[in-house]
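The numbers here are math on the coordinates, done by the rules we state, and not lab data. From a predicted model like this one, the values you see are computed outputs, not experimental measurements. In this analysis, Cβ positions are derived from the backbone assuming ideal geometry, glycine residues included, and neighbour counts consider all displayed protein chains.
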Amino acid sequence: MEKSGQRQQNTLRKVLDKLRELALVFFSLLLWGFSLLAFLTIIFTLLGVDLYYVQLIRTVLKITRLDLMDLIHLNLIVGAGIIVYLTVTYYFGPFKQRGGKIKENEKAK
C-alpha cells in the first residue's frame, strides 16, 4: 500500500530526471559544437580558406596560420617519437623477457 507522500516523490523524481537529461544533452551538444568549430577552424586555416568566421576565431584566439602549422609539426614529431618508442620497447623491452622468465621457472620445477 502506498503512503500519502510517496506519489509526490515519484513525480518529483521523474521531473528531476528529465531536467538532468536535458542538461546533459544541452552540455553535450555545446561541447560537440565547440569541437566542430575548432576542427573546422584548423582545417580551413591549413587549407588557406579565408572566411570571415575563420579569421574572426583566429583573431579572438590570437592564432596565426604559422602557429597552427608549428603546432601540427610538433604533434607529428611527438607522435612519431611515441610510435618509435613503443615499437622499440615492444620488440626489445621487458615484454619479451617476461615470457622467457616464466618458461625458465616452469622448467626448474
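The trypsin sites (Lys or Arg not before Pro) found in segment 35-93 that occupy coil by DSSP, while having at most 10 further C-beta atoms within 10 Å, are Lys62. Two numbers describe the Cα atoms of segment 1-63: Rg and Dmax, which are 22.2, 70 Å.
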